[in-house]
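Colleague: Here it is, the structure, as C-alpha cells.
The values are calculated or read from the model by the stated rules, or taken from the named source; none is laboratory data. For clarity, every value in this text was computed on a predicted model and none was experimentally measured. Cβ atoms come from the backbone with ideal geometry, glycine included; neighbour counts cover every protein chain shown. Surface areas here come from the heavy atoms of the whole protein model, side chains and all, with no ligands, DNA or RNA. Shrake-Rupley method; radii C 1.70, N 1.55, O 1.52, S 1.80 Å.
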Amino acid sequence: MDTFKGQVVIVTGGAKGIGRGLCLAFAGAEAKVICVDVDDPAGAAILKEGESLSGTIHYVSGDVSQNAVCESVVKDAAEAHGRVDVVCNNVGIQPTTSYLPAHEMTEAMWDRIIDVNLKSAFLMAHHVIPVMQKQGGGVIVNTASVQGLQSAKGVSAYAASKGGLLSLTRQLALEYAADKIRVLAVNPGTIDTPLVDEALEALGSDTADFREQMAAVHPLGRIGTPADVANVVLFLASERASFMTGEYVNVDGGVMAQGAWA
C-alpha cells in the first residue's frame, strides 16, 4: 500500500461515486484530503466516514466549473498546508436529460457538461500548477472515460468532454514535464456509482436485469467499483509511477481490449 503521509490531495466531485472512493483511499493512505463537491449531505457523510482513517478529509462545498471556486480551493489548501501534492480532476456529470442526438441537445446543456467535465480540469490546473512549480513538482490525475476513446449514440457532449480531457492530459504533461509535474488519466468503464443508478432509472429498466447485462459486456464479467479506480489512481500518484506522464490507464474490465462496448 502506498503511503501519502504528509501529502495534500484535492479531489473534485469527491463526495460520491468514484470521487468518494478516491477520498477514502487517499485518506486511508495517510493523506490530507480536500474533497470538493456540491452535494453537501454527501459531503457530511464522507466527513463521518473519514473520521476512522489514518489521514484526514476536509469537505469544501463548491462548483469547480467556476473559476473563483477553483482559485479559492487551491489557495486555501496551499495556505493551510504549505503545498498541494496531488489533484484528482474527477468531477463529471452526464444528466439523464442529456441522452439526446446532438441536434436536439440545448446549448445550455452542452455548455454545462463541458464546463463541469472539461473546463473544471483546466481551471484546477491553471491554479495549482504555479503551486506545484514552486514546490518542485506534483501530480494531476484526470478521470476521463472509455467514452473518450469510443462512443455511443446520444452522448455528444459527454464524449467530447472526455476526449478533450484525454487530449488536455497529454498537452499538460508535455508542458510541465520539466517542472516535475506529472499528468495522467484513467478511463473507467462502467463503475457502480450513483451516475449508473440515475441512468438505470431513466431507462426505466429492471435494475437487476440491466445490471447483469452491463456486467456481461465486460470480459471480466462484472462492473467495476470505485475502489477499482482508486487503486489505479493511487498508483499513478505515487513514486512507483514516477516515469509515467501523459498516459491513460483503462480501468474497464477489458471492454476496450475487445474493441467495442456500446
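Colleague: Straight-line reach from LYS119: which aspartates and glutamates have a Cα under 14 Å away, not including same-chain ones fewer than 8 places off?
Modeller: Cross-link targets: ASP63, GLU71, ASP111.
Colleague: What number do you get for the range 162-262 when its Cα radius of gyration is normalised by 2.2 N^0.38 Å, N = residues?
Modeller: Rounded to two decimals, the normalised Rg is 1.26.
Colleague: Computed on alpha carbon atoms, what radius of gyration and Dmax characterise the range 83-200, expressed in Å?
Modeller: Here Rg and the maximum Cα pair distance are 15.2, 47 Å.
Colleague: In addition: Whole-Hz ³J(HN,Hα) for each residue in the range 135-144, computed from phi via Karplus 6.51 cos²θ - 1.76 cosθ + 1.60 with θ = phi - 60°, x for glycine and proline: what do you get?
Modeller: 8, x, x, x, 9, 10, 10, 9, 8, 9
Colleague: So what's the gap between the Cα centers of the range 45-82 and the range 144-202, to the nearest angstrom?
Modeller: Centre-to-centre (Cα) distance: 22 Å.
Colleague: Same structure, new question: Normalising by the residue count of the range 50-207, find the relative contact order in percent from Cα pairs under 8 Å and 6+ residues apart.
Modeller: Computed over the range 50-207, the figure is 25 percent.
Colleague: Shifting gears a bit: In whole Å, largest first, what are the principal axis extents of the Cα atoms in the range 209-258?
Modeller: That gives 42, 22, 13 Å along the principal axes, largest extent first.
Colleague: Counting only Cα, what are the radius of gyration and maximum Cα-Cα distance Dmax of the range 37-127, in Å?
Modeller: Cα only, the range 37-127: 15.6, 50 Å (Rg, Dmax).
Colleague: Who wins for biggest fluctuation among ALA173, ALA77, ALA199 in a Gaussian network model of the chain, springs between alpha carbons below 10 Å?
Modeller: Per the Cα network of the chain with a 10 Å cutoff, ALA199 tops the list.
Colleague: Right, another one. Using modelled amide H (1.01 Å from N, peptide plane; none on Pro or chain starts), what sits under 5 Å from the amide H of VAL183, excluding residues fewer than 5 places away?
Modeller: ILE140, GLY246
Colleague: Oh, and also: From the phi of every residue in the range 37-49, what ³J(HN,Hα) in whole Hz does the Karplus formula 6.51 cos²θ - 1.76 cosθ + 1.60 yield, where θ is phi - 60° and glycine or proline is x?
Modeller: Whole-Hz 3J(HN,Hα) from phi for the range 37-49: 7, 9, 8, 5, x, 5, x, 5, 5, 6, 4, 5, 5.
Colleague: Given the options SER145, SER98, SER52, state which has the largest fluctuation in a GNM of the chain using a 10 Å cut-off (strictly under) for Cα springs.
Modeller: Looking only at SER145, SER98, SER52, the biggest GNM fluctuation is shown by SER52.
Colleague: On to the next question. For ALA208 and PHE122, compute 0.36 nm times the residue count separating them, minus their Cα-Cα distance, and round to one decimal in nm.
Modeller: 27.2 nm
Colleague: Quick check on the range 1-86: take the gyration tensor over C-alpha atoms, sort the square-rooted eigenvalues as a ≥ b ≥ c, and tell me if it's rounded (a/c under 1.5), prolate or oblate.
Modeller: Since a/c reaches 1.5 but b/c is at least a/b, the shape of the range 1-86 is classed as oblate.
Colleague: Relative to the longest principal Cα axis of the chain, at what angle does helix 194-203 sit, 0 to 90 degrees, rounded to 10?
Modeller: 20 degrees
Colleague: Moving on to the next point. Please compute the length gained on full extension between ALA216 and GLU201, using 0.36 nm multiplied by the number of residues separating them and subtracting their Cα-Cα distance.
Modeller: Full extension of this stretch gives 3.5 nm more.
Colleague: Still on this structure: Length gain on complete extension for the stretch ALA177 to ARG112, per 0.36 nm per residue less the alpha carbon to alpha carbon distance?
Modeller: Length gained, ALA177 through ARG112: 20.3 nm.
Colleague: When the chain is treated as a GNM, springs tying every alpha-carbon pair under 10 Å, which of LYS75, LYS180, LYS48 comes out with the largest mean-square fluctuation?
Modeller: Checking each option, the largest mean-square fluctuation is seen for LYS48.
Colleague: Could you provide, to the nearest whole Å², the per residue accessible area of the chain with probe 1.4 Å?
Modeller: 46 Å²
Colleague: What residues qualify as long-range amide H neighbours of TYR99, i.e. H under 5 Å apart, gap of 5 or more or another chain, H built at 1.01 Å from N?
Modeller: Placed amide hydrogens put nothing under 5 Å from TYR99.
Colleague: Explain nothing, just the number: dipole magnitude of the chain about its Cα centre with +1 on each Lys and Arg Cβ and -1 on each Asp and Glu Cβ, in debye rounded to the nearest 20.
Modeller: In total the dipole reaches around 740 debye.
Colleague: How large is ³J(HN,Hα), in whole Hz, for each residue of the range 63-73 in order, when computed from phi with the Karplus curve 6.51 cos²θ - 1.76 cosθ + 1.60 and θ = phi - 60°, using x for Gly and Pro?
Modeller: Going residue by residue, I get 9, 6, 7, 9, 4, 4, 5, 4, 4, 5, 4 Hz, with x marking Gly and Pro.
Colleague: Give the percent of DSSP beta bridges with both residues in the range 85-211 that are antiparallel, rounded to the nearest 5.
Modeller: Counting DSSP beta bridges with both partners in the range 85-211, the antiparallel share is about 0 percent.
Colleague: Taking 30 Å as the cut-off for C-alpha to C-alpha distance, list the pairs among LYS32/LYS162; LYS5/LYS75; LYS48/LYS180 that go past it.
Modeller: LYS48/LYS180
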